[in-house]
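First comes the structure, then the notes that go with it.
The values are calculated or read from the model by the stated rules, or taken from the named source; none is laboratory data. It should be emphasised that the depicted structure is a prediction, and the values quoted were computed from it without experimental measurement. All Cβ positions, even for glycine, are placed from backbone atoms using ideal geometry, and neighbour counts span all protein chains on display. When the accessible area is computed, the model is the full protein with side chains, heavy atoms only, and any ligands, DNA or RNA have been set aside. Shrake-Rupley method; radii C 1.70, N 1.55, O 1.52, S 1.80 Å.
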Amino acid sequence: MSTQDIQRSLTDYITTEVASAVPDAPPAPDFPLIEGGLVDSLGLFKLIAFIEDKFQIGILPEEIQFENFATINAITTLIKNKQPLRGAAKAG
Amino acid sequence: MNIPAQSDVVIIGGGPAGSMAATFLAQKGYHVVLLEKQKHPRYMVGESLIPQFWKYCDLAQVTDKILAEGFVQKQGGTVVWDGVIRQTAFKDFGYTRPALHVERDRFDLILLEHARSQGAHVFEQVTVTDVNLDPGGQVDVTYLPAGEQSSRRIACRFIIDASGQSALIGRKLAIRVHDEEYPFMSVWGYFNNSSYVALDGRAHAFTELRDTPPTTFVSSTGNWGWCWHIPLRETTSVGLVVPLEQMKTDKLENEALQAYFLRRCAEIPYLNRLLEPATYCDGSVHMLRPYSYRPKQLCGPGFFLIGDAAAFIDPVLSEGCLLAMFSAHMAAWTIDRCLRDQGRTADYQALFTRQFAGRYQVGHALMLTGYGDAAKVNGAVANSLRFDSEREQELMYVALTMAGRAENLLRLVKPGDRQRIAVNRFRTLQSIDF
Ligand SMILES: Cc1cc2nc3c(=O)[nH]c(=O)nc-3n(C[C@H](O)[C@H](O)[C@H](O)COP(=O)(O)OP(=O)(O)OC[C@H]3O[C@@H](n4cnc5c(N)ncnc54)[C@H](O)[C@@H]3O)c2cc1C
């Protein structure tokens with residue numbers, strides 16, 4: 001998946017499923033998701049489940065750091081740096 | 001009583017932790033059995049809820065039922081700490097929804113009934129007597145319905161221990177550690193017709209409660225002890241948190257508990273004035289000790305600990321029910337992930353541990369007084385604080401400032417964030433007007 005595709009699906013999901021109030025405009029790739037109040041500790045886990053299922057990767061406990069989820073850019077980097085889980089290479 | 005012999009998840013205990021976990025799992029489509037020893041409505045202490053709890057209620061879709069009950073809505077807090085009177089209002093943090101003072105028998109009943117309505121199989125007056133945690137395969141739970149002679153079992157994929165201070169699994173596995181750093185105990189009781197403090201800084205008669213919302217009143221009582229005053233719909237909950245050492249010198253005998261409680265209440269400035277018109281509800285005194293504990297382990301093969309069954313810290317920040325709901329949500333999320341991909345169970349359990357331990361260790365470090373050292377908390381723990389919204393961090397800072405422990409929070413956050421959250425959204429009062 002291209003960087004743009006990843007960013008687009010993250011933006012869609014965060015806007016429609018994670019944000020507690022639907023934002024006026026979709027967040028820019030460098031918008032501070034947590035500080036800006038779009039992703040809280042509840043939304044974070046919804047988002048992690050989505051990312052794992054959609055991109056067939058496993059997020060490790062120690063990767064749940066503020067820096068990795070601060071912006072859509074940061075999450076995209078996290079996703080791109082990971083190998084697909086075993087048996088999932090053909091998914092999607 | 002038709003209790004199934006098999007289930008995806010068995011939950012021990014129907015307090016806020018157990019009921020919320022049952023709701024979250026039932027909503028995800030799992031077969032859940034919840035066993036509760038008592039019959040709701042049942043008495044429980046812990047009546048002051050801070051606004052953050054609504055987000056769990058929204059997720060569980062129980063918000064309307066709680067609003068419909070008409071609990072007392074509080075507007076903020078009035079804290080007298082070492083002689084300084086401070087007041088803060090939730091609306092100054094941008095909270096548009098009220099915090100509540102709840103009769104826990106009613107509140108917990110609503111959450112339990114809601115779990116039932118969402119498809120959880122809830123059985124009351126059923127006591128869990130043992131668990132079998134064979135690491136090899138399925139786990140099971142042994143229970144005894146009230147009035148029956150022989151116990152039965154349920155096999156399941158996961159057990160959630162939400163048994164509160166009974167801490168069934170924690171005791172069985174001897175993984176509960178009493179908190180030497182926090183040697184306190186608590187004594188509390190109920191009064192009719194107590195005055196209360198509103199946001200105008202004045203004392204009001206109990207009869208005005210419906211028209212003029214109250215604040216939660218808290219006062220220090222020396223040596224890090226403190227007291228609470230929580231007006232409910234019919235009565236007012238009043239409690240003392242007392243250093244154990246002081247208790248030893250007071251040489252409290254059981255039969256004198258009520259007299260001790262009333263004498264101390266009459267000695268505490270402002271609290272005694274609030275209680276002047278009040279009458280004590282006979283026989284309503286309760287006591288809890290030892291007080292604070294935490295686990296060496298939060299989950300293991302086939303089980304999770306949540307709410308007070310995992311850890312209990314001083315309630316000065318009113319975080320108990322919030323932590324119960326947080327850990328219930330976390331356990332339901334983790335079990336869902338584990339059941340979807342069993343190969344990653346170890347990862348997910350590690351994640352649960354990290355998140356939940358981070359939460360209560362933050363709570364614990366914030367609580368510490370002259371007795372402990374918040375600096376011992378490691379960076380991974382402080383990390384969990386950073387996922388809180390700015391508003392939540394600010395509220396925590398103010399609550400801690402008012403209770404004389406703001407420096408604990410400042411030690412945990414990154415230097416750059418200190419200035420941002422250290423906004424003092426409170427006002428200092430010269431006196432409370434009676
Ligand atoms: C003095 C004091 C003041 C507090 N003040 C506040 C406050 O102001 N605000 C706040 O948010 N929190 C407060 N708390 C904390 C709050 O009460 C708890 O954190 C909260 O009740 C935890 O919920 P829970 O579901 O984990 O446990 P509980 O509410 O204790 O529920 C556990 C349930 O498990 C059942 N059970 C136990 N053993 C078994 C068994 N073997 N089989 C089946 N069922 C079983 C019990 O009957 C009970 O219903 C206070 C606590 C104390 C002690």
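Results for (1) within 13 Å of the ligand (Cβ to nearest atom); (2) open to solvent by 50 Å² or more (accessible area, probe 1.4 Å); (3) within 14 Å of another protein chain (Cβ to nearest Cβ); (4) within 30 Å of residue B:159 (Cβ to Cβ), shown as yes or no for each residue.
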| residue | (1), (2), (3), (4) |
| --- | --- |
| B:261 | yes, no, no, no |
| B:277 | no, yes, no, no |
| B:287 | yes, yes, no, no |
| B:297 | no, yes, no, yes |
| B:309 | yes, no, no, yes |
| B:314 | yes, no, no, yes |
| B:332 | no, no, yes, yes |
Item to check | Flag if residue A:3 is free of Cβ contacts under 8 Å to residues at least 24 places away in the same chain, surrounded by fewer than 16 Cβ atoms within 10 Å (Cβ to Cβ) and either of a type in the set (Phe, Trp, Tyr) or more than 14 Å from chain B (Cβ to nearest Cβ) (or both) | outcome: no
Next on the checklist: Considering only residues that are more than 10 Å from every other protein chain (Cβ to nearest Cβ), closer than 30 Å to residue A:19 by Cβ and modelled with pLDDT of 70 or more, which ones fall in the range B:365-392?
Outcome noted: B:366
Next on the checklist: Exactly one of these conditions fails for residue B:95: (1) within 13 Å of residue B:162 (Cβ to Cβ); (2) at pLDDT below 95. Give me its number.
Outcome noted: (1)
Checklist entry - Can you name the residue in the range B:106-140 that is near the ligand (Cβ under 10 Å from one of its atoms) and open to solvent by 40 Å² or more (accessible area, probe 1.4 Å) and is also nearest to residue B:70 (Cα to Cα) among such residues? => result B:125
Checklist outcome for this item: Every listed condition ((1) within 14 Å of the ligand (Cβ to nearest atom); (2) touching a helix residue (DSSP H, G or I) at 6+ places or on another chain (Cβ under 6 Å)) holds for residue B:217 save (2)
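I'd like to verify a number: residues in the range B:274-332 that are among the basic types (Lys, Arg) and part of a strand (DSSP E or B), how many?
The qualifying residues number 1.
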Item to check | Checklist (1) in contact with a helix residue (DSSP H, G or I) (Cβ under 9 Å, 6 or more places away or on another chain); (2) assigned to a helix (DSSP H, G or I); (3) farther than 17 Å from residue B:13 by Cα applied to residue B:113, failing item | outcome: (3)
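Can you name every residue in the range B:165-191 that is assigned to a strand (DSSP E or B) and either closer than 14 Å to residue B:306 by Cα or at pLDDT below 95 (or both)? Steps first, answer last, please.
Filtering the range B:165-191 for residues assigned to a strand (DSSP E or B) gives B:176-178, B:184-191.
Correct list: B:176, B:177, B:178, B:184, B:185, B:186, B:187.
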Checklist outcome for this item: The condition from (1) among the β-branched types (Val, Ile, Thr); (2) at pLDDT 95 or above; (3) within 8 Å of the ligand (Cβ to nearest atom) that residue B:72 misses is numbered (3)
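Residues to consider are A:73, A:68, A:81; find the one that is polar (S, T, N, Q), over 12 Å from the mean Cα position of the chain (by Cα) and open to solvent by 20 Å² or more (accessible area, probe 1.4 Å).
Numbers: A:73 fails: over 12 Å from the mean Cα position of the chain (by Cα); A:68 fails: over 12 Å from the mean Cα position of the chain (by Cα).
Just one listed residue meets the conditions, A:81.
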Next on the checklist: Take the residues in the range B:45-80 that are in a loop (DSSP other than H, G, I, E, B) and away from chain A (no Cβ under 14 Å); name whichever of them is nearest to the chain's Cα centre (by Cα).
Outcome noted: B:46
